[in-house]
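*Asks:* Here it is: the structure, laid out below.
Rule-based calculations on the coordinates, nothing more; no lab input. Nothing here was measured: the structure is a model prediction, and the numbers come from that model. Glycine gets a Cβ as well: all are built from the backbone with ideal geometry, and neighbour counts include every protein chain shown.
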Amino acid sequence: MAASIREKQAVALRRMLNFNVPVIKSNAGEPVWKVLIYDRFGQDIISPLLSVKELRDMGVTLHLLLHSDRDAIPDVPAVYFVMPTEENVDRICQDLRTQLYESYYLNFISAISRSKLEDIASAALTANTVSHVSKVFDQYLNFITLEDDMIVLCNQNKELVSYRTLNRPDITDTEMETVMDTIVDSLFCFFVTLGAVPIIRCPRGNAAEMVAVKLDKKLRENLRDARNSLFTGDTLGTGQFSFQRPLLVLVDRNIDLATPLHHTWTYQALVHDVLDFHLNRVNLEESAPLEGSPSGTRPKKKNKKSYDLTVADKFWQKYKGSPFPEVAESVQQELESYRAQEDEVKRLKTIMGLEGEDEGAISMLSDNTAKLTSAVSSLPELLEKKRLIDLHTNVATAVLEHIKARKLDVYFEYEEKLMSKSTLDKSLLDIISDPDAGTPEDKMRLFLIYYITSAQAPSEADLEQYKKALEDAGCNLAPLNYIKQWKAFAKMASTPASSGIGAAKSKGLLSRVMNTGSQFVMEGVKNLVLKQQNLPVTRVVDSLMEVKSNPETDEYRYFDPKMLRGSDSSVPRSKNPFQEAIVFVVGGGNYIEYQNLVDYIKTKQGKHILYGCTELFNASQFVKQLSQLGQK
């Protein structure tokens, strides 16, 4: 994966905005002004990859939702980027009839069917606008790229492919077919964009296997049609094929239910767990100070702020996988270094008696001029640094408030011990009964992890005692009903693999960040150090990538879409370890699992892993799905 999937998808989008002509830097004159029309799916795909400024640079003057009220702009071309759904096709036909734009470049996120194309053609004929439809393209971009090495299938309609839908006891065969087709369509788009045909491995007897069978068939059919195959070298440009094909590991969420419930300790995963964070944007509510008024004090309206945490944010890139105390310390250090630079500029101006002078006078002085000029020229960089420091100060402070209010460090440490089968220094009942420790949901998460990871289920009497304590703490017991059924079923099938990240060691309280001059007063928050241990999904990937024998993966099925005849086997043809792997979790994923894979691959030189999932949920959203499944 020399070019990351993020780059490849961004290149495809830029090419689309350039009327499907590759963007070449040398001939970048004035761009052609155009309107971009997308649906919610298109918006979600574009927003993590291209900023509004980049769209402007590509000549996009307006970007509008397909189903909004739009005025006619008769002398401008329109680039459409939408899903080929019935409603969208109807709306495009309506736009053609009312002749809204000068020309139409229709780009479909997934392949459009023949019958829908005919609908558009007949609408264009009736409206006499055939000559205005300049191009119609299938883009095969039906997935969202959040990182260089992370994709998620959808943000809109995600309940269609959610864990709850896949595990509903009353789901019909036709509904299941629709879910599988939706997942396979997106994975197919992903491999077309990647420009590679994978070797597929998956466990038997669950949703991951159904996805593997369908994906293998779809890839095989496309490869068989030599004239129209999307995997021929010409369409993808040269140099995108490495000699070795990637490995696609499809797993089912049920392989590990403890991790999505786990309280976490790394920055990115914490932001996702406790704040409103999706598609790389975090929304914060800032509580405004109390406003004095004669009738007493009343709080002012809360300000809402949004921040984009993107690849361009160097601090985020460096620290998103770090333990939270380290992040707090780094924000503090950045702030101090920024203040030192700012003071230096002020000092130089004062020495030269130029506090209020104009720039002309500055250039006349020679001695300190060079220093000052370099200080002044670094101002834009300094301002950007200040913006990032403010951003992370706000985000980290919001996270810290949650950690302190809910004692998340205590939960994290306790769950680590449960998951790694270490000895516990405090009884579970004590934490559940402690009114100051966490929300009812935090307590439920902790108990579910205990229930999932314990080798021996608690006795009926103990379970009743726990249930009473949970109910007294205000917990809804529906998720537990589901986990009980799931565990009984898993036991019949086989024993679930133990799951663990390794116990966290407490290293005493933070020393540096504790000083009173710090923005972050970490009083009472433990400075926990992560002990690296592989989670179940990482262990599966490790044995399949390295082609090791392992009871967990020996029975995994093997598909090679390039083989003429598909043969059902679990014996890998190739004995060489893989350099590149794509791990895809059917039923939802999370940042903890992603981070664990990132940390694992750092130890393997020259190897790459990409993590994908049907939807990205935090623990709160997952508990809600379990609760819906467990309602009696």
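*Asks:* Could you list, in their original order, any pairs among Lys407/Lys604; Lys34/Lys386; Lys158/Lys305; Lys385/Lys607; Lys443/Lys604; Lys8/Lys218 whose Cα atoms are separated by more than 30 Å? Don't jump to the answer; show the numbers that get you there.
*Replies:* On the way: Lys407/Lys604 35 Å; Lys34/Lys386 35 Å; Lys158/Lys305 25 Å; Lys385/Lys607 33 Å; Lys443/Lys604 37 Å; Lys8/Lys218 22 Å.
Listed pairs above 30 Å: Lys407/Lys604; Lys34/Lys386; Lys385/Lys607; Lys443/Lys604.
*Asks:* Sort 538-545, 600-607 by packing, meaning the average of other beta carbons within 10 Å per residue, with the highest value first.
*Replies:* Details: 538-545: 21.9, 600-607: 13.0.
The most tightly packed comes first, giving 538-545, 600-607.
*Asks:* Write down the percent of antiparallel bridges among all DSSP beta bridges whose residues are both part of the range 63-163, to the nearest 5.
*Replies:* Details: 3 of 15 bridges.
Here the share of antiparallel DSSP bridges comes out near 20 percent.
*Asks:* Given an 8 Å cut-off on Cα distances and at least 6 residues of separation, report the relative contact order of the range 20-150 as a percent.
*Replies:* 26 percent
*Asks:* Could you tell me which of Thr98, Pro84, Ile73 has its Cα farthest along the dipole of the range 56-125 towards the positive end, charges placed at Cβ (Lys, Arg +1; Asp, Glu -1), taken about the Cα centre?
*Replies:* Result: Pro84, furthest along the dipole toward the positive end.
*Asks:* Residues with beta-carbon under 9 Å from that of Gly589, excluding Gly589: net charge, scoring Lys, Arg +1 and Asp, Glu -1?
*Replies:* -1
*Asks:* Ok, one more. Please give me the summed charge of the neighbours of Glu546: other residues whose Cβ is under 10 Å from its Cβ, Lys and Arg +1, Asp and Glu -1.
*Replies:* Taking every other residue near Glu546 into account, the sum is +2.
*Asks:* How much length, in nm to one decimal, is gained on full extension between Ala3 and Lys346, taken as 0.36 nm per residue of separation minus their Cα-Cα distance?
*Replies:* Extending this stretch completely gives an extra 119.1 nm.
*Asks:* Return the whole-Å distance between the Cα centroid of the range 3-53 and the Cα centroid of the range 378-455.
*Replies:* So the separation of the two Cα centres works out to 39 Å.
*Asks:* If R₀ is 51 angstrom, what is the calculated FRET efficiency for the pair Trp33 and Asp148, using the beta carbon separation as r and rounding to 0.05?
*Replies:* Working: r = 31 Å, r/R0 = 0.61.
For R0 = 51 Å, the calculated efficiency reads 0.95.
*Asks:* Sequence neighbours fewer than 8 away in the same chain don't count; with that in mind, list the aspartates and glutamates whose C-alpha is under 17 Å from Lys421.
*Replies:* Hits, sequence-local ones excluded: Asp256, Glu413.
*Asks:* Given R₀ = 51 Å, FRET efficiency for Ala127-Asn303 by Cβ-Cβ distance, to 0.05?
*Replies:* On the way: r = 47 Å, r/R0 = 0.93.
Result of the calculation: an efficiency of 0.60.
*Asks:* Which GluC sites (Glu not before Pro) from the range 393-446 combine a DSSP loop assignment with at most 13 other Cβ atoms within 10 Å?
*Replies:* Loop-located and lightly packed - none at all.
*Asks:* Continuing with this model, one more query. In the range 392-484, what trypsin sites (Lys or Arg not before Pro) fall in a loop by DSSP, with at most 14 other Cβ atoms inside 10 Å? Could the numbers behind the result be given before it?
*Replies:* Details: sites: Lys404, Arg406, Lys407, Lys417, Lys421, Lys426, Lys443, Arg445, Lys467, Lys468, Lys484; in loops: Lys407, Lys421, Lys426.
Filter output for the range 392-484: Lys421, Lys426.
*Asks:* Quick one: net charge of Lys314's neighbours, Cβ under 14 Å, K/R +1, D/E -1? Show your work: numbers first, answer last.
*Replies:* Values: positive: Lys318, Lys320, Lys385, Lys386, Arg387; negative: Asp308, Asp313, Glu334, Glu381, Glu384.
Counting the neighbours of Lys314, the net charge comes to 0.
*Asks:* Taking a ≥ b ≥ c as the square roots of the eigenvalues of the Cα gyration tensor of the range 120-248, is the shape rounded (a/c under 1.5), prolate (a/b larger than b/c) or oblate?
*Replies:* It is oblate, given that a/c is not under 1.5 and a/b is not larger than b/c.
*Asks:* Rounded, prolate or oblate: which one fits the range 13-65, using the alpha carbon gyration tensor with axes a ≥ b ≥ c (rounded when a/c is under 1.5, else prolate when a/b beats b/c, else oblate)?
*Replies:* prolate
*Asks:* Quote the FRET efficiency, to the nearest 0.05, computed for Lys314 versus Ala461 with a Förster distance R0 of 51 Å and r equal to the Cβ-Cβ distance.
*Replies:* Efficiency at R0 = 51 Å is approximately 0.40.
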